[in-house]
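Participant: This is the structure, below, for whatever I ask next.
Since every read-out is calculated from the coordinates, none of them should be taken as a lab result. Only a predicted model underlies this, so the values are computations on that prediction, with no experimental measurement involved. As a convention, Cβ positions derive from the backbone with ideal geometry for all residues, glycine included, and neighbour counts pool all protein chains shown.
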């Protein structure tokens, strides 16, 4: 079905409200049975849905915020970002495109255990995912030209990332240290046996002067 085709009854694209969406996704996702295997599903593209995830993690459907967190959590279990860079809600029989302003998730809390090479940084997202930064969930830091600051992201699953909320970012950088990476001294954080560069140490010193 293409973007212009008429949605069939009982499809995501034809859902009239969040209750309809919830019922359809619950059947597909087998709610309560763990995360559905969306990476293995290869359904037809059925058009775009009027759903958007704002930069602060708020979900909107038909221009209205989705206020019920259990619904947002349910929808988040069938999110998938494909190689085309677009994000979809996916079931075994269809996928529909949605809009994501920044990242689909927000890391709203962190905890740190251990020190040095044994240090582990764990994040909790706004929809309840808990991930430990490391080889399977790498951190990356992106320059934010409009503010001169940085935006950290942690990979949650597939290609889906969580933007680290600003208060959590301030907490995160407190665990930064100067580490030599590829012959250059970097301000970086450690987690799960990996080193994640934040910025060159000389730039940090200039900013702190």
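Participant: Obtain the nm distance between the two label points defined at residue 68 and residue 82 by a simple spin-label model: each point lies 7 Å from its Cα along the Cα-to-C-beta direction.
Facilitator: 2.9 nm
Participant: Still on this structure, I have one more. Mean separation of Cα pairs under 8 Å and 6+ residues apart, divided by the residue count of the stretch 68-183: what relative contact order is that in percent?
Facilitator: Taking the mean separation of contacting Cα pairs over the length of the stretch 68-183, I get 20 percent.
Participant: What is the gain in length, in nm to one decimal, between residue 118 and residue 58 on full extension, counting 0.36 nm per residue of separation less the C-alpha to C-alpha distance?
Facilitator: So the extension gain works out to 18.1 nm.
Participant: Kirkwood Rh and Cα-based Rg: tell me the resulting Rg over Rh for the stretch 105-208, rounded to two decimals.
Facilitator: My calculation puts Rg/Rh at 0.95.
Participant: Between residue 99 and residue 184, what's the calculated FRET efficiency when r is the beta-carbon distance and R0 is 30 Å? Round to 0.05.
Facilitator: The formula returns an efficiency of 0.20 here.
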